[in-house]
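Read the structure below first, then the notes.
The values are calculated or read from the model by the stated rules, or taken from the named source; none is laboratory data. If you're wondering where the values come from, they're calculated on a predicted model, not measured in any experiment. Reconstructed Cβ throughout: ideal geometry from the backbone, glycine too, with neighbour counts over all protein chains shown.
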Amino acid sequence: MVETTPVHESILQALRRVKDPDLGRDIVSLGFVKDLKVSGDTASFTIELTTPACPVREQMKEEARRAALSVLPIHQVEVKMTAQVRPTKSEQKDRLVPLVKNIIPVASGKGGVGKSTVSANLAVALQRLGARVGLMDADVYGPSIPTIMGASGSPLPKDGKLQPLVAHDVKIVSMGFFMPKGDAVIWRGPMLHKAVEQFLADVNWGDLDYLVVDLPPGTGDIQLSLCQLIPLTGAAVVSTPQDVALNVAEKAIIMFNKLRTPVLGLIENMSGEIFGRGGVQRYCQVHGLPFLGEIPLSGEIRKTSDSGSPIAISDPASPEAQAFLRVAQNLAAQVSIKTSGITETSERPEPKEFAQITKEGLRILWKDGHESLYPFRHLRLRCSCAQCVDEMTGKKRLQEETVPLDVRALALSPVGRYAYHIEWSDGHRSGIYTFEYLREICPCEACMATRRTVP
Ligand SMILES: [Zn+2]
Ligand SMILES: [Zn+2]
């Protein structure tokens, strides 16, 4: 029987002032406060976060301590911080890897964006932050994780399962361990299917908070079947600043959307003077996607990758390692949001039902009762994709006269729970319209009146 006294109640009430910034709720209603004990003027309790990789952990601890101190007659407070990563609920996952809580693929629209280096450093960074981490190298074209992590040899069987190799305290299995050296392996669907299933079910991964999967670059059939096989929490997409402008990253996002896999966010890699900077963040803003952070273009990252000691562990004080740490924290936060079962705090506009393509245009009935009818050309001209708007400068690229007067939407598909992807009759395919943006450009008289300028 848990003892509750008026003092207990008052402390809990005070602790409601402490919020988890990622989940947007207070730590009491989130169920984070455990083992609250009061004895005389001393209170003690534990705060159990949903990830050890919480960037505001110390701040929360201090806030909670002060909140409890504000209650009479408390003069002393002991706060213990722990974390329990919550699992993604999935029958398929539980069948294959019941002890692995979350599977996170790292993808890219094409090769050469440093995806494997990012995967390896994220895995190492999450481990350094206190999580139990595995790294699965599913890059059948060029498995490079063994080199980057400095892991060689073959996983050995034990009790009917393969033991993953361990490097930098991360458990590793790579396609590279099983491919004959120098032979180009042609992977066919069924073979790949089998290999991936074995990588999950026949490997003794043990208890893992996060299993990071380095996907092959691109968005072909291989990637598609891999993603269909693996029950995923959500994906991280790596892009260089210039590739996002060329719609390369978008292909990966559309692929995950087709698979109904949430995109946890985008990472800007090789950020800096040569390739530019900030393009991925702007892209995320326009499309309502989480931005996980930027990794600078750096010779040090390359050097440490070539030598088998990722910079996140070999030089943890470096700005590069710090950048990886921040991205890892943001990624963990997005996983927490996905697994906490909190549906977004709904200040965002949301359609009441799926939008309709009608003769007059696109019709959306919103949850708040508002109705919008967008004439097709109105909508087409306001496309905010990288082809239509310069991601770097925000200037319009689309020339109005090139859009036919009778342009119409051919197909509509959802993007996560926040946007629609529209295919247009003029061949345009890359337009994603967030609900927020759609509401902003509603052409009805009432909305026009409250708007100073029409976007
Ligand atoms: Zn467009
Ligand atoms: Zn309106």
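From the list 228, 285, 223, 281, the lone residue that is without any contact (Cβ under 8 Å) to a residue 12 or more places away in the chain and either not charged (D, E, K, R) or not assigned by TED's automatic domain parsing to the domain that holds residue 103 (or both) is 285. Restricting attention to the stretch 416-447, and to residues there that are hydroxyl-bearing (Ser, Thr, Tyr), modelled with pLDDT of 85 or more and away from ligand 2 (no atom under 16 Å from the Cβ), which single residue is farthest from residue 404 (Cα to Cα)? Restricting to residues being hydroxyl-bearing (Ser, Thr, Tyr), modelled with pLDDT of 85 or more and away from ligand 2 (no atom under 16 Å from the Cβ), the top hit is 420. Filtering the stretch 63-84 to residues that are among the β-branched types (Val, Ile, Thr), surrounded by 15 or more Cβ atoms within 10 Å (Cβ to Cβ) and closer than 30 Å to residue 208 by Cβ leaves only 79. Just one of the numbered conditions (1) under 24 Å from residue 389 (Cα atoms); (2) assigned to a strand (DSSP E or B) is not true of residue 250: (2). Of all residues in the stretch 85-116, those satisfying the criterion of being surrounded by fewer than 17 Cβ atoms within 10 Å (Cβ to Cβ) and not in a loop (DSSP other than H, G, I, E, B) are 91, 92, 94, 95.
Hey, could you check the stretch 363-397 for residues that are surrounded by 15 or more Cβ atoms within 10 Å (Cβ to Cβ), part of a loop (DSSP other than H, G, I, E, B) and within 16 Å of ligand 2 (Cβ to nearest atom) and say which is modelled with the highest pLDDT? Once the filter is applied, the top-ranked residue is 382. Residues that are surrounded by 12 or more Cβ atoms within 10 Å (Cβ to Cβ), closer than 27 Å to residue 128 by Cβ and at pLDDT below 90 do not occur anywhere in the stretch 29-48.
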